[in-house]
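Worksheet: one structure, shown below.
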Ligand code: FES
């Protein structure tokens, strides 16, 4: 569904647009909204944000492409960004990342067949003392181990099953 003329987002969109004298300044928060709706920064989302900000879609796309917080390809419902930068690697993040991919049966950057989980590694997220850690849809999950992850994954799969039943 579109973000323009969508009651779910109208208030937030207007609030962001009203904060700045130039609509273009709202491009980044509006890209987050588009990503929230589509699960990634899709061509539809780019066009809508461009329309809202009075910008050319090419300009909006170049902004989305510059920042790692925006995904330019479809992701699973849960976008798991595992930090395996040096400090986390010293606390077992590489093994954790490897084991997580193995458990989900995907490659780095891949998404599970049920569309629930995408895993990719990222650089320091500034929670080095809480490794292994990851960012799930921009929320930190810290002091992880595979037992905790497996339980969490099962919980999310059960929720999906319930939604679909
Ligand atoms: S090195 Fe992973 S959060 Fe800093």
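Rule-based calculations on the coordinates, nothing more; no lab input. From a predicted model like this one, the values you see are computed outputs, not experimental measurements. With ideal geometry, Cβ positions are generated from the backbone for all residues, glycine too; neighbour counts draw on all protein chains shown.
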Quick check: Cα centre of region 1-39 to Cα centre of region 107-165, how many Å?
27
What's the exposure ranking of 20, 70, going from fewest to most Cβ atoms within 10 Å?
20, 70
Could you put 63, 33 in order, starting from the residue whose Cβ has the fewest other Cβ atoms within 10 Å?
63, 33
Enter the angle in degrees (range 0 to 90, nearest 10) between the Cα long axis of helix 57-66 and the first principal axis of the Cα atoms of the chain, meaning the one along which they spread out most.
30
Fully extended contour minus Cα-Cα distance, from residue 25 to residue 124, at 0.36 nm per residue
32.9 nm
Can you give me the angle between helix 146-164 and the longest principal axis of the chain, using Cα atoms only, in degrees from 0 to 90, rounded to the nearest 10?
50
What ranking of 153, 3 emerges when the number of other C-beta atoms within 10 Å of each C-beta is taken as an exposure proxy, fewest first?
153, 3
Based on the alpha-carbon gyration tensor of region 1-135 and its eigenvalue square roots a ≥ b ≥ c, which shape applies: rounded if a/c is under 1.5, prolate if not and a/b is larger than b/c, or oblate?
prolate
Rounded to the nearest 10 degrees, the helix 7-18 long axis (Cα) sits at an angle to the longest Cα principal axis of the chain of 70
For an R0 of 25 angstrom, estimate the FRET efficiency from the Cβ-Cβ distance between residue 54 and residue 10 and round to the nearest 0.05.
0.90
Please work out the FRET efficiency for the pair residue 17 and residue 147, using the Cβ-Cβ distance as r and a Förster radius of 45 Å; give the result to the nearest 0.05.
0.50
